[in-house]
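Single-structure report; data block below.
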Protein chains: 2
Amino acid sequence: MAIIGVGLIGGSLARAIRQAQACDEVIGCGRNVAHLEKAVSLGVIDRFETDPAEAVRGADMIVVAVPLGAMADMFNRLASHISADATITDVGSAKACVISDARKHLGSCFSAFVPGHPIAGTEKNGVEASFAELYKDHCVILTPVKETDQTALQNVRALWTYAGAEVVEMDPLHHDEVLAATSHLPHMLAYTLVGTLARLDESREVFRYAAGGFRDFTRIASSDPVMWRDICLANGQAILEVLKKYTNDLEGLSRAIERHDGEYILKIFAQAKQRRDQFLNKD
Amino acid sequence: MAIIGVGLIGGSLARAIRQAQACDEVIGCGRNVAHLEKAVSLGVIDRFETDPAEAVRGADMIVVAVPLGAMADMFNRLASHISADATITDVGSAKACVISDARKHLGSCFSAFVPGHPIAGTEKNGVEASFAELYKDHCVILTPVKETDQTALQNVRALWTYAGAEVVEMDPLHHDEVLAATSHLPHMLAYTLVGTLARLDESREVFRYAAGGFRDFTRIASSDPVMWRDICLANGQAILEVLKKYTNDLEGLSRAIERHDGEYILKIFAQAKQRRDQFLNKD
């Protein structure tokens with residue numbers, strides 16, 4: 001197995017697969033040698049290459065775990081070096097754009113490409129933050145298209161099952177809409193909140209008097225800015241659509257506060273609490 | 001000590017004071033007898049009264065821990081029953097409105113009233129969720145006014161110090177602005193997010209594919225809707241002001257996504273991450 005990009009996501013998958021003894025050798029690939037040496041010393045990968053073409057030589061399974069903005073270029077560099085019987089997958093947070101990049105750059109290997117997205121992660125990043133259990137009981141969404149080879153699809157299902165994940169399939173555009181709502185929008189809101197508060201004059205005091213709720217609420221604003229910029233660019237349309245709905249709802253609350261409408265406010269808070277308790281009552 | 005309202009906040013203070021042995025007797029007061037009996041059986045309070053006038057008879061320290069919307073009425077009911085040397089305080093999340101209610105209804109006792117707000121809590125509520133350590137190393141903001149008696153102020157400082165809190169003083173309006181930003185606004189955003197997602201057609205799926213980040217982000221949407229309605233009504237002006245700033249910033253991000261401006265997006269995400277890591281790097 002070759003993992004291109006040994007960060008939190010790629011590194012955690014490498015650890016899980018090694019721990020499950022599901023693979024003879026895990027080869028990591030990245031640009032930073034010190035970083036890759038660290039991955040070897042932490043036992044995340046068996047060995048590394050800095051040239052993607054070398055990393056995928058003879059690999060049966062290729063996992064591309066680079067930021068969304070680097071996918072097209074990486075597919076382009078890999079295309080002519082992929083073995084005929086290899087399976088390729090990715091871990092990108094938006095799928096339509098990755099599929100488009102893969103279709104354009106993978107050439108005849110495109111049918112061996114299975115678009116994937118593990119719904120797991122933390123606000124931390126880098127190989128030091130990786131751990132084998134990251135995907136355990138988490139959902140991995142695969143978004144195969146009509147060209148996708150069924151054997152490749154089964155291989156990627158097996159990969160994630162070894163890592164302890166529950167695999168589901170979904171239409172790519174539906175994936176992008178759902179993730180825009182549950183993941184991308186909350187990140188936009190959290191980054192913006194920290195920004196707004198930082199710009200207030202009393203910012204030092206503002207953060208001083210923030211309690212646990214604020215810490216939880218803004219945890220995702222500590223996520224990798226480059227990764228999230230790429231997500232905004234890759235899934236912009238779906239994000240803008242759900243952001244518009246959200247802004248309208250926020251405007252409705254704002255008007256209710258203005259007109260001192262306690263009944264309306266109570267109704268929407270009570271409904272939200274009920275939904276949140278109903279769907280996420282396990283924490 | 002009389003605690004009017006034995007929920008998470010009042011109950012946790014009662015537990016802390018009993019544990020510190022800082023008081024001969026803690027008397028709880030509320031409307032629900034079963035609830036108060038539970039508080040006695042859990043060891044939160046020594047005994048209870050359902051009539052506030054009875055509860056405060058002979059009490060040296062009176063803590064009013066009812067929702068903001070019930071403060072005025074409670075002050076009105078208590079005023080003529082408060083001992084001459086008693087100290088009164090509250091735990092309301094907005095201070096200007098409570099001070100106004102107290103000034104209007106406490107009459108000659110107003111100088112013995114020390115407005116207070118412990119910056120602690122969880123999304124849970126009720127006496128079952130109370131625990132003695134809730135305030136340990138947390139901030140309690142007192143917002144005395146010109147009439148406030150210095151001895152009363154020292155008594156309330158001592159009360160919270162027994163509970164393990166760090167006591168600070170602040171101007172009431174400044175308190176209301178700071179809390180609107182760090183606490184009230186995040187709650188508005190979280191309630192609204194859950195509401196927006198619940199109204200999406202694919203709502204069941206939306207919540208199904210929500211991961212840990214979403215769970216953390218929306219935890220505060222499980223907070224008590226009545227309490228938060230009251231906060232919206234009591235601190236509406238400060239909330240609307242910071243909400244306006246926030247909406248402008250969100251609109252700026254939205255426009256950047258529209259015009260595919262990766263540079264702008266990266267800048268604001270990176271700044272937010274830096275601020276969040278800088279101020280809240282302990283979790």
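Checking A:Gln274 against (1) more than 8 Å from chain B (Cβ to nearest Cβ); (2) in contact (Cβ under 8 Å) with a residue 12 or more places away in the chain: exactly one of these is not met. Which one?
Result: A:Gln274 passes all but (2).
Being aliphatic (A, V, I, L, M), in contact (Cβ under 8 Å) with a residue 12 or more places away in the chain and more than 19 Å from B:Gly195 (Cβ to Cβ): is that true of B:Leu253 here?
Here the answer is yes, as B:Leu253 does meet what is asked.
Got a sec? Which of B:Val178, B:Val194 is touching a residue at least 12 places away in the same chain (Cβ under 8 Å), hydrophobic (A, V, I, L, M, F, W, C) and facing chain A (nearest Cβ under 7 Å)?
Working: B:Val178 fails: touching a residue at least 12 places away in the same chain (Cβ under 8 Å).
It is B:Val194.
Among the residues of the range A:237-254, count how many are of a type outside the set (A, V, I, L, M, F, W, C) and either assigned by TED's automatic domain parsing to the domain that holds A:Gly69 or more than 14 Å from B:Leu250 (Cα to Cα) (or both).
Of the residues in that region, 3 qualify.
Of everything in the range B:15-43 that's assigned to a helix (DSSP H, G or I) and touching a helix residue (DSSP H, G or I) at 6+ places or on another chain (Cβ under 8 Å), which residue is surrounded by the most Cβ atoms within 10 Å (Cβ to Cβ)?
Going through the range B:15-43, the residues assigned to a helix (DSSP H, G or I) turn out to be B:15-19, B:33-41.
With touching a helix residue (DSSP H, G or I) at 6+ places or on another chain (Cβ under 8 Å) added as a condition, the list becomes B:16-17, B:35, B:38-39.
Working: B:Ala16: 23, B:Ile17: 21, B:His35: 16, B:Lys38: 16, B:Ala39: 29.
Among those that are assigned to a helix (DSSP H, G or I) and touching a helix residue (DSSP H, G or I) at 6+ places or on another chain (Cβ under 8 Å), it is B:Ala39.
Scan the range A:147-170 for residues that are in contact with a helix residue (DSSP H, G or I) (Cβ under 9 Å, 6 or more places away or on another chain) and of a type in the set (D, E, K, R) and jot them down.
A:Glu147, A:Asp149, A:Glu166, A:Glu169
Only one of (1) at pLDDT below 95; (2) more than 14 Å from chain B (Cβ to nearest Cβ); (3) surrounded by fewer than 19 Cβ atoms within 10 Å (Cβ to Cβ) is not met by A:Gly126, so which one is it?
Going through (1) at pLDDT below 95; (2) more than 14 Å from chain B (Cβ to nearest Cβ); (3) surrounded by fewer than 19 Cβ atoms within 10 Å (Cβ to Cβ) one by one, A:Gly126 breaks only (2).
Could you run through the range A:46-98 and say how many residues are assigned to a helix (DSSP H, G or I) and under 28 Å from A:Val168 (Cβ atoms)?
Of the residues in that region, 11 qualify.
Conditions (1) assigned to a helix (DSSP H, G or I); (2) basic (Lys, Arg); (3) assigned by TED's automatic domain parsing to the domain that holds A:Ile239, marked per residue:
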residue	(1), (2), (3)
A:Ser100	yes, no, no
A:Ser108	yes, no, no
A:Lys136	no, yes, no
A:Pro144	no, no, no
A:Asn155	yes, no, no
A:Thr161	yes, no, no
A:Leu179	yes, no, yes
A:Thr182	yes, no, yes
A:His187	yes, no, yes
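A:Ala210 passes all but one of (1) within 30 Å of A:Val114 (Cα to Cα); (2) of a type outside the set (Asp, Glu); (3) outside any helix (DSSP H, G or I); which number fails?
(1)
Go through B:Leu134, B:Leu106 for me and flag whichever is in contact (Cβ under 8 Å) with a residue 60 or more places away in the chain, touching a helix residue (DSSP H, G or I) at 6+ places or on another chain (Cβ under 6 Å) and hydrophobic (A, V, I, L, M, F, W, C).
After ruling out the rest, the residue left standing is B:Leu134.
Do we find that B:Val206 is among the β-branched types (Val, Ile, Thr) and more than 10 Å from chain A (Cβ to nearest Cβ) in this structure?
Against the criterion (among the β-branched types (Val, Ile, Thr) and more than 10 Å from chain A (Cβ to nearest Cβ)), B:Val206 does not qualify.
Results for (1) at pLDDT 95 or above; (2) within 30 Å of A:Cys97 (Cα to Cα); (3) touching a Ser or Thr at 6+ places or on another chain (Cβ under 8 Å), shown as yes or no for each residue.
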{"site": "A:Ala211", "(1), (2), (3)": "no, no, yes"}
{"site": "A:Phe214", "(1), (2), (3)": "no, no, yes"}
{"site": "A:Arg229", "(1), (2), (3)": "yes, yes, no"}
{"site": "A:Cys232", "(1), (2), (3)": "yes, yes, no"}
{"site": "A:Asn235", "(1), (2), (3)": "yes, yes, yes"}
{"site": "A:Glu263", "(1), (2), (3)": "yes, no, no"}
{"site": "A:Lys267", "(1), (2), (3)": "yes, no, no"}
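The values are calculated or read from the model by the stated rules, or taken from the named source; none is laboratory data. Remember, it's a predicted structure, so these values are computed and weren't measured experimentally. Methodologically, a virtual Cβ is constructed for each residue, glycine included, from the backbone with ideal geometry; neighbour enumeration extends over all protein chains shown.
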